[in-house]
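Here's the structure we're looking at; comments come further down.
The values are calculated or read from the model by the stated rules, or taken from the named source; none is laboratory data. Here the structure is a predicted model, which is why all the values come from computation and not from measurement. In this analysis, Cβ positions are derived from the backbone assuming ideal geometry, glycine residues included, and neighbour counts consider all displayed protein chains.
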Amino acid sequence: MPKRTGILKHLSEIITKNKTLTAENEQLNNQNEVLLKEIEKYKILLARMNNETLYDEVQYKKRAPFKRFRTATVLYADAVGLEQYSQQVEPKLLLDSLDEIFFKLQDIIAKFEVRNIKTIGDTFMCVGGIPKKNFTNPIEVLLAAIEMQYFINELQKKQAAGKIWKLRIGIHTGNVITNIIGKKKPVYEVKGETVNLAARIRQFCKDGHILISATTYELVKDLFVIEYYNKMPVKYQGEILLYSVDRIKPEFSLQGKGIIPNKKFSIRYGLMQFTDLQELILDKMERELPQSLYYHNTKHTVDVVTQVELIGLGEGVSEEDLLLLKTAALFHDTGHIVSYDNHEHFSCILAREMLPEYYYTRSQIEIICELIMSTKLPPKPGNKLQEIMCDADLDYLGRSDMIAVSDTLFHELRERSKINSINDWNNLQMKFISGHQYFTDTARKLREVNKQLQIDRIRNLIVEE
């Protein structure tokens, strides 16, 4: 009997414990159901949200590292006439008018390599030279400023109440520090003494004028009509010189009106912009050319760019021809990135792809590609520019370092099983150089005598078999 009682008691405890566990399980199940419902709500909510927008909002709050630009140009501008206009027009119409003006000014800025940074009330700021570094940003900013003033002047002529809106613009070139916020729609914060000076120059400026600092003046003076204006005191710097910009020089503008650049301006601009293009291409070649290119590397490219300019000037070519020659020289071996054989063809493909971004016309690009193809051996130039190109490409044949340079070409060819021995190479060189001729008077004067000395040196290196 006591044994039976113990068993019943044990069963009772088990049943009680099971009831407790069942109750706890039901409670957990209820909690799980609640959680699942909440999860479903969040899933629906997330499905309705644009994930990219959410990402951008998070990125907007996340500040990117600061970046310094050594040469950027800051433009500060005020729309002057607010007080006079407010006495004649309702506030809403006044703001609408100001908005229309600023929308148009932003359209003008967008035409150039200039980035609109901020607009506050009747003041706005834009910067050239960010986020893409470029040597020509002072010119771009000044072109935008001249077109802005032209728009405001035309607007004044249409206003029934007379000349009301005017623009005063201050410009300075120097170092800036940027902080880029966001990814899909980046917001640029620009800080530094250059920004402060541009704002000060704008305050120093008369209504309807464009004032630039001496730094900017030195970078743009060849293309614009500019006059000395005044000195402006600057804390810790003493006085800085300011200059007033009127327009583009007549010879560089359409119909000599000084507003719209002409072809001559574009060519001069292209020669200045070539520095940016050269830096980009040489960097690309350094990163992407095979390491086994001991001759056809960036050093050879720089040599050819230097020589086409030297020979081109000696032959008296025009500024446009000089630009086309230098550009062809810069691109002529880029095709080695794709293929060693027939690399000229691939160089042309890259030139056609990239040069429109640098404002080269279709006809200019075709001439450049013809110049590139003319370097295909054996050289058979069809015109003066192609003669200059061929002479520059083989300039080393008449230089004192010819043997050392030709050795790099030998190693390059041997690694590709295109030549077997140094003796074979010397025989090949001897045959090629003896039959080679420089096409231009300038190259013949510079290199022909020394080339004959190199022929004698190679002849002495050949071992008779």
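Quick check on this structure: which one of D341, D303, D333 is within 26 Å of D407 (Cβ to Cβ) and either among the basic types (K, R) or modelled with pLDDT under 95 (or both)? Break it down into steps so the answer makes sense when it comes.
Numbers: D303 fails: either among the basic types (K, R) or modelled with pLDDT under 95 (or both); D333 fails: either among the basic types (K, R) or modelled with pLDDT under 95 (or both).
After applying the criteria, what remains is D341.
Provide a single number: the residues in region 415-446 that are in a helix (DSSP H, G or I), farther than 19 Å from D391 by Cα and in contact (Cβ under 8 Å) with a residue 40 or more places away in the chain. Spell out how you get there, then give the answer.
Here is the first cut: in region 415-446, the residues in a helix (DSSP H, G or I) are 415, 422-435, 441-446.
Those left that are additionally farther than 19 Å from D391 by Cα: 415, 422-428.
Remaining after also requiring in contact (Cβ under 8 Å) with a residue 40 or more places away in the chain: 415, 423.
Adding up the residues that qualify gives 2.
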Every residue from region 167-219 that is touching a His at 6+ places or on another chain (Cβ under 8 Å), under 23 Å from L105 (Cα atoms) and not hydrophobic (A, V, I, L, M, F, W, C): R168, T194, S213, T216
Checking E412 against (1) surrounded by 16 or more Cβ atoms within 10 Å (Cβ to Cβ); (2) within 29 Å of G314 (Cα to Cα); (3) of a type outside the set (K, R); (4) touching a residue at least 60 places away in the same chain (Cβ under 8 Å), the condition it does not meet: (2)
Test: L409 is under 36 Å from the mean Cα position of the chain (by Cα), part of a helix (DSSP H, G or I), more than 25 Å from L310 (Cβ to Cβ) and not aromatic (F, W, Y): no
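Please find, among T215, T173, the residue that is part of a helix (DSSP H, G or I) and among the β-branched types (V, I, T).
Working: T173 fails: part of a helix (DSSP H, G or I).
Answer to the selection: T215.
In region 218-253, what residues are among the polar types (S, T, N, Q), farther than 14 Å from I169 by Cβ and in a strand (DSSP E or B)? So that I can check it myself, show each step before the final result.
Step one: list which residues in region 218-253 are among the polar types (S, T, N, Q), which gives 230, 237, 244, 253.
Next, only the ones that are farther than 14 Å from I169 by Cβ stay: 230, 237, 253.
Correct list: N230, S253.
Here's the yes/no breakdown for (1) under 26 Å from G258 (Cα atoms); (2) among the hydrophobic types (A, V, I, L, M, F, W, C); (3) over 17 Å from the mean Cα position of the chain (by Cα); (4) not assigned by TED's automatic domain parsing to the domain that holds L254:
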position: D99; (1), (2), (3), (4): no, no, yes, no
position: I109; (1), (2), (3), (4): yes, yes, no, no
position: R115; (1), (2), (3), (4): yes, no, no, no
position: T136; (1), (2), (3), (4): yes, no, no, no
position: L143; (1), (2), (3), (4): yes, yes, yes, no
position: T178; (1), (2), (3), (4): no, no, no, no
Which numbered condition R68 fails, given (1) of a type outside the set (A, V, I, L, M, F, W, C); (2) at pLDDT 80 or above; (3) not assigned by TED's automatic domain parsing to the domain that holds Y217: (3)
Qualifying residue in region 327-341 (condition: within 23 Å of F265 (Cβ to Cβ) and small (G, A, S)): yes
Candidates I180, I201, filtered to the one that is closer than 19 Å to R70 by Cα and buried (at least 17 other Cβ atoms within 10 Å of the Cβ): I180
Per-region count, region 328-373, residues within 16 Å of L293 (Cα to Cα), surrounded by fewer than 18 Cβ atoms within 10 Å (Cβ to Cβ) and β-branched (V, I, T): 2
